[in-house]
Amino acid sequence: QVQLVESGGGLVQAGGSLRLSCVASGRTFSSYAMGWFRQAPGKEREFVAGISWSGGRTGHADSVKGRFTISRDNAKNTVLLQMNSLKPEDTAVYYCAASYLGTGGSRRSEYPYWGQGTQVTVSS
């Protein structure tokens, strides 16, 4: 089992940048695929980005491609989401998720472990 703690959210103006971090407990972090999802008020939780357990494969939602980048540092049990050129529609609670030996895909059902979320607010 793994526990996840997100940080790095906040209030930023449109066009600005934020970097979200997710630190995982446990000694087998390198065996987990990781994902970032977000949920805006009144909307379904949606996939943002995912990375395979090896870090060799990543995927990003069309809405964030070219602006957001997922990466991982297995030595620090950390997955990052670098968010650039932020837009007001990126405002949401962002969640980190983990899947043992997963693919880092876009389906929520792949991920049994979730963090508590961190709020990102982008003002226009």
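The values are calculated or read from the model by the stated rules, or taken from the named source; none is laboratory data. Bear in mind the structure is a predicted one, so any value in this text is a computation, not a measurement. As a convention, Cβ positions derive from the backbone with ideal geometry for all residues, glycine included, and neighbour counts pool all protein chains shown. The protein model used for the area step is the full one, side chains on, heavy atoms only, and it has no ligands, DNA or RNA in it. Shrake-Rupley method; radii C 1.70, N 1.55, O 1.52, S 1.80 Å.
Looking for whichever is over 27 Å from V122 (Cβ atoms), touching a strand residue (DSSP E or B) at 6+ places or on another chain (Cβ under 8 Å) and either at pLDDT below 95 or open to solvent by 60 Å² or more (accessible area, probe 1.4 Å) (or both) here; the options are Q1, Q13. Which one fits?
Details: Q13 fails: over 27 Å from V122 (Cβ atoms).
Exactly one residue qualifies, and that residue is Q1.
Of all residues in segment 19-38, those that are within 12 Å of the chain's Cα centre (by Cα) and either open to solvent by less than 10 Å² (accessible area, probe 1.4 Å) or farther than 21 Å from N74 by Cβ (or both) total 8.
Out of curiosity, is T69 over 13 Å from F29 (Cβ atoms), open to solvent by 70 Å² or more (accessible area, probe 1.4 Å) and among the hydroxyl-bearing types (S, T, Y)? Yes: the conditions hold for T69. In segment 101-117, which residues are assigned to a strand (DSSP E or B) and either in contact with a Ser or Thr (Cβ under 6 Å, 6 or more places away or on another chain) or among the hydrophobic types (A, V, I, L, M, F, W, C) (or both)? Scanning segment 101-117 gives a single hit, W114. Within segment 106-124, if we keep just the residues that are exposed (fewer than 14 other Cβ atoms within 10 Å of the Cβ) and not polar (S, T, N, Q), the residue that is nearest to K43 (Cα to Cα) turns out to be R107. Of all residues in segment 81-105, which are modelled with pLDDT of 95 or more and open to solvent by 40 Å² or more (accessible area, probe 1.4 Å)? Within segment 81-105, Q82, N84, S85, K87, P88, E89 qualify. Within segment 1-100, considering only strands (runs of 3 or more DSSP E) that don't extend past its boundaries, which have at least 3 residues that are aliphatic (A, V, I, L, M)? Filter on segment 1-100 gives 18-24, 46-51, 78-83, 92-100.
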